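Since the structure comes first, as structure tokens, the remarks are kept for the end.
The values are calculated or read from the model by the stated rules, or taken from the named source; none is laboratory data. Everything numeric in this text was worked out from a predicted model, so none of it was measured. Accessible surface areas use protein heavy atoms only, side chains included; no ligands, DNA or RNA. Shrake-Rupley method; radii C 1.70, N 1.55, O 1.52, S 1.80 Å.
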Amino acid sequence: MSTPQVNPSALRLEFPQSLAVYATYAEAQKAVDHLSDKEFPVENCMIVGTELKQIERITGRLTYSRVATLGALSGLWLGAFVGLLFAVFVDGNVLAMLISTALAGLLFGAIWAILGYAATRGQRDFSSVKAVVATRYEVLVEHKHREQAREILAAEPGLLPDPYAS
């Protein structure tokens with residue numbers, strides 16, 4: 001998975017200062033949205049996720065039969081897709097082509113998945129999903145706009161967190 005390239009200068013503020021720190025991204029987004037609603041120049045703001053941590057949620061146990069089933073299903077879809085492509089460019093029995101490519105994909109997917117799983121030699125017998133998440137979200141603002149932003153947020157209860165609360 002590739003991430004889009006961003007011009008580094010687009011992510012810079014000249015002299016950023018902390019406006020507020022929030023426990024969730026939704027709270028930080030709400031504060032910036034409120035600033036926008038009050039016609040504050042929000043292009044001088046930035047939300048920065050800090051205190052990153054990696055979370056891995058275990059989704060299940062892997063066995064040869066589960067790996068083979070998942071690989072077969074994946075191969076089935078790929079085979080059906082290839083069959084559809086062939087059907088566009090080749091004359092003949094479309095249904096037979098779809099069935100044969102789907103079955104070939106199913107077989108190939110199952111075998112390939114089993115070989116990959118066997119190569120791990122039992123070192124990872126579970127499936128999971130991973131994510132990197134921030135535990136705090138800091139809103140930064142250009143120094144010349146900080147006081148104006150603080151006044152706008154302070155006027156609305158609940159938008160400016162207590163800096164001494166933990």
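Looking only at residues in the range 70-92 that are outside any helix (DSSP H, G or I) and open to solvent by less than 100 Å² (accessible area, probe 1.4 Å), the one that is modelled with the highest pLDDT is Val90. Across the range 6-17, a minimum of one residue is classified as closer than 30 Å to His145 by Cα and either open to solvent by less than 60 Å² (accessible area, probe 1.4 Å) or among the basic types (Lys, Arg) (or both). Can you work out which of the residues in the range 93-138 that are of a type in the set (S, T, N, Q), at pLDDT 90 or above and open to solvent by less than 60 Å² (accessible area, probe 1.4 Å) is farthest from Tyr25 (Cα to Cα)? If we take residues in the range 93-138 being of a type in the set (S, T, N, Q), at pLDDT 90 or above and open to solvent by less than 60 Å² (accessible area, probe 1.4 Å), then Thr101 is farthest from Tyr25 (Cα to Cα).
Gly122 falls short of the stated requirement of being in a helix (DSSP H, G or I) and more than 26 Å from Glu43 (Cα to Cα).
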